[in-house]
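Here the structure is laid out as structure tokens; the discussion comes afterwards.
The values are calculated or read from the model by the stated rules, or taken from the named source; none is laboratory data. None of these values were measured; they are calculated from a predicted model. Neighbour counts run over all protein chains shown; Cβ positions are idealised from the backbone, glycine included. We work out accessible area using only protein heavy atoms, side chains counted, and drop any ligands, DNA or RNA first. Shrake-Rupley method; radii C 1.70, N 1.55, O 1.52, S 1.80 Å.
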Amino acid sequence: MALDPALGLLFQSHPWHGVAIGPEAPQRVTVYIEIVPSDTVKYELDKESGLLKVDRPQLYSNVCPAPYGFVPRTLCARSVAALAEEHAGRSGLEGDDDPLDILVLTEKDFTHGNILMQAQPIGGLGMLDGNDVDDKIVAVMVKDAVYGGGDDIGRLPSLLVGRLKHYFLTYKQAPQDAQPACELLRVYGRDEAHEVIRRSQADYRERFAGLVGPAQGTA
């Protein structure tokens, strides 16, 4: 017996599986924000329940430079890792098995995460965490007065891009560590960011084929 679709209105959607990426993806995507710059702890989605949980306190002085979260119905797995291998000229890389991370540049101050936002991807940072591909898409908030007109990471001030690179290279690094815990393979522009998003959608559909149909997988 089929359930009434209206029943879905009585329940909160799972931010990873129950929220659509948006019909204009990859040019414009829905983003689930987990943490904002004022947070003193790292919040992260609990994948089983869909609730936001405390992952760990922020132990060091790193401050997340902008609202940060992930793109719903994406997964960094085989296809995303293959693209990283192609560009880095390396083999044996694997996806980190998480939804695709994204940082959204905006002039506005947000007091908390656990919100949805519309963003336009303009590039990304090709990161490795150990042997795991851990790309960070860089985007601008739609209609943002300062950043909303941005169309490619290459047109951002170099100091701002350097700040993003420094954060993701050092946010897991303890003061006594001589080497960064993460590795930056490359900085890439809008077109490659779109390709990373498309591949992460394909990885998601391959892993979670039973959750979304072909038409829903790209919506």
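For this structure, a couple of remarks:
- Trypsin sites (Lys or Arg not before Pro) within segment 118-215: DSSP coil, no more than 13 neighbouring Cβ in 10 Å: Lys143
- Val54 paired with Lys172, simple spin-label distance in nm, labels 7 Å along Cα-to-beta-carbon: 2.2 nm
- Label-point separation in nm, Asp46 to Arg155, each point 7 Å along Cα→Cβ: 4.3 nm
- Accessible area per residue in Å² at 1.4 Å probe, computed on the chain: 51 Å²
- In degrees, nearest ten, helix 190-207 long axis to first principal axis of the chain (Cα): 50 degrees
- FRET efficiency, Ala88 to Phe11 (Cβ-Cβ, R0 35 Å, nearest 0.05): 0.25
- Relative contact order %, segment 133-196, counting alpha carbon pairs below 8 Å whose residues are six or more apart: 26 percent
- The chain: angle of helix 158-170 to the longest principal axis, Cα-based, in degrees nearest 10: 80 degrees
- Stretchable slack from Glu195 to Asn114, in nm (0.36 nm times residue separation minus alpha-carbon distance): 26.5 nm
- Interchain or long-range residues, amide H under 5 Å from Leu52's placed H: Asp46
- Antiparallel content of DSSP bridges confined to the chain, in %, to 5: 80 percent
- Once exposed loop chymotrypsin sites (Phe, Trp or Tyr not before Pro) are cut out (DSSP; at most 12 other Cβ, 10 Å), longest piece of the chain: 61-219
- A Cβ-based charge dipole, computed about the Cα centre of the chain with Lys and Arg at +1 and Asp and Glu at -1, lands at about 320 debye.
- Dipole of the chain, positive direction: furthest Cα of Val142, Asn131, Ile33, with charges on the beta-carbon: Val142
- Ser91 accessible area, assembled protein chains, probe 1.4 Å, Å²: 100 Å²
- Segment 10-102, dipole about Cα centre (Lys/Arg Cβ +1, Asp/Glu Cβ -1), debye to the nearest 20: 160 debye
- Pairwise FRET efficiency - Ala209 versus Ala181, Cβ, R0 = 35 Å, nearest 0.05: 0.55
- Longest DSSP-loop-exposure-free segment, GluC sites (Glu not before Pro), the chain, at most 15 other Cβ within 10 Å: 108-219
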